[in-house]
1. With a 10 Å radius around each residue's Cβ, average the other Cβ atoms per peptide and rank 143-150, 115-122, 95-102, 74-81, highest first.
2. Compute the distance in nm between two label points, each set 7 Å from the Cα along the Cα-to-Cβ direction, one at residue 81 and one at residue 169.
3. If you average the C-alpha positions of segment 151-168 and of segment 73-134 separately, how far apart do those two centres end up, in angstrom?
4. Over 21 Å, how big is the tail of the calculated P(r) for segment 70-149, in percent of all Cα pairs?
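Every read-out reported here was derived from the displayed coordinates using simple, explicitly stated rules and does not represent laboratory data. As the structure is a prediction and not an experimental result, all values here were calculated from the model. Quick reminder, even Gly has a Cβ in these numbers, built from the backbone with ideal geometry, and neighbours come from all protein chains shown.
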């Protein structure tokens, strides 16, 4: 067996450290105030993509593999009324930190009408949201959507907007 020089061993160790730092930096950029990644939940989005069926080839950038969660899905564009809400009891029900799908609230989720199943991906202004909550009963049959935010002032500032959105199925 050949012996490896100390320089080669050091180079291999440094390469693995660099690799770990590069991956960590990619995920750190998605973090906001030690909360879940904003507007992109890797596991939920990949699960929704996998559940949808079509298999696509992932894009490889060096050692990072990126999967477009919307690739191969049918796109429907609709005009919708969009609001923002927080986890205050005044805006939700008696369990403000649990969505209708049973998951904990986080930025990146959206409350949708009942005709869209949980896990549906919604794109609004180039941001991808995942349907994990439901609108209040009086809004469930129309094209009303509600983006979850932790910040009450940001939700108030968002107000009511009418936009063309994309629904991926």
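1. Details: 143-150: 20.2, 115-122: 17.0, 95-102: 14.4, 74-81: 11.9.
Packing proxy ranking, top to bottom: 143-150, 115-122, 95-102, 74-81.
2. Result: 2.3 nm between the two label points.
3. 11 Å
4. Value for segment 70-149: 21 percent of Cα pairs lie more than 21 Å apart.
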